[in-house]
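Below is one structure; the comments refer to it alone.
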Amino acid sequence: MSDVAASDFRHPHRYVRLDTILRLRWLAALGQLTAIFIVAHGLEFDFPVVACVAVVGISALLNLALQVAFNPMQRLEPIYAATLLALNIVELAALLFLTGGLQNPFSFLFLGPVLISATVLPIRMTVGLGLLAVACSSALVFFHLPLPWDSEDPLVLPPIYLFGVWLSIVLAIGVTSLYAFQATEEARKLSDALAATELVLTREQHLTQLDGLAAAAAHELGTPLSTIFLISRELEKTVEGNGQLASDLKALREQAQRCRDILAKITQLSSSGAPFDLMPLSTLIEEVVAPHRDFGVTIRVRLAVAATREPVGARNPAILYGVGNILENAVDFARTTVEVNAWWNADTVEIVISDDGPGIAPDMLKRIGEPYLSRRRSADETHRERAGLGLGIFIARTLLERTGAKVSFSNRTFPDHGAVVRIAWPRVRFEAEESAAGPVD
């Protein structure tokens, strides 16, 4: 079975475009100017308008400088993106200092840069930005200018209320950032794992197509090689008196025969693997089992004889890879024996793969099939286990479910031990037409 390393997909570089950050900064600057205009001219509250406009102006000048100096479409390293988000937090803190501190209802905008970081940047940088936002909000509790308000009826908020605002900001930063990070990380894992699945399926289909191409080439080359062989043999009979020429013609005939033998072998190897050939269930199981027979683990195959005829389906790379990957995991975890049992009736086709290994940990049973699934292992397990319950099983399960199969995982009933994987298809899906040689969505 071909395999895909989890490291190829698990830790992609996280870059964000400069244009994305600049758009967010321009949006923030526009919103801040709008708020300043409404408060100063609409509500006619008294506050340091010039200082506030200066802060926004500095932010706008920085945006212009970045747009001129750099290509907005370039992707920023995480540290540079985090620096720009940190500037957003500092600029917001400066504006809040001039307009009432945490008494200002816009103080909850501290959440914005941290949430953006949680979706696109590494966790350590998100934590750093969160701590910066908490530090700025904490400082604003004690250091700020008065909240713009009606001078004849000033608003005085009790300290306990300000403490509640501060605590709500801190909790909101922590909880919402954690939620955003978890949701984004799950989506990223799923996307990466599906990319690996498509790569595996493409590779398997390519190998299958090569089999068919080899068979076609062998068939097409057979006729001219036969002609060369026959002509050389006839010429050899007519030049029996010329020893050197007869020797050359004999060598030509022998090499032509050798080419015919090689092409015959290729045709035999490819005859059961052409992309649209039909294969019985027993042949499918034997093709999957054959590569794993020489690893010190006994593989027992049992086919239940049924009243209905044996199901025959198109040779499907997705099924071959999926069942093969699950069997490979069973062989890796088994102590001595792996059993492959298959049965069918008029409605269902089922393959059950079980081993006599340690089985699946109870806390993992309901999560089997998630990409990059892992757990802490004991010292005696570490040398035997690999990432067999992570990306590989996810790929196998995804490919099999695309063909209409239902895959379930369980453990053997006590006192037996070991894992059991059941793969069941509706018979009509398993015996699909030749178009089912690819995955069925």
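With q set to 0.14 Å⁻¹, the log10 of I(q)/I(0) for segment 105-147, from the Debye formula over equal scatterers at the Cα positions, is -0.36.
Over segment 96-136, accessible surface divided per residue gives 39 Å², non-protein components excluded, 1.4 Å probe. Ranked by the mean number of other Cβ atoms within 10 Å of their residues, highest first, the peptides 28-38, 301-311, 409-419 come out as 28-38, 409-419, 301-311. For the residues 282, 177, a 1.4 Å probe over the protein chains yields an accessible-area ranking, largest first, of 282, 177. The listed peptides 318-324, 164-170, ordered by packing as a protection proxy, come out as 318-324, 164-170 (highest mean of other Cβ atoms within 10 Å first).
The values are calculated or read from the model by the stated rules, or taken from the named source; none is laboratory data. What you are looking at is a predicted structure, and each value in this text was computed from that prediction instead of being measured. Don't worry about glycine lacking a Cβ; one is built from the backbone with ideal geometry, like all the others, and counts go over all protein chains shown. Areas reflect the complete protein model, heavy atoms only, side chains present, ligands, DNA and RNA absent. Shrake-Rupley method; radii C 1.70, N 1.55, O 1.52, S 1.80 Å.
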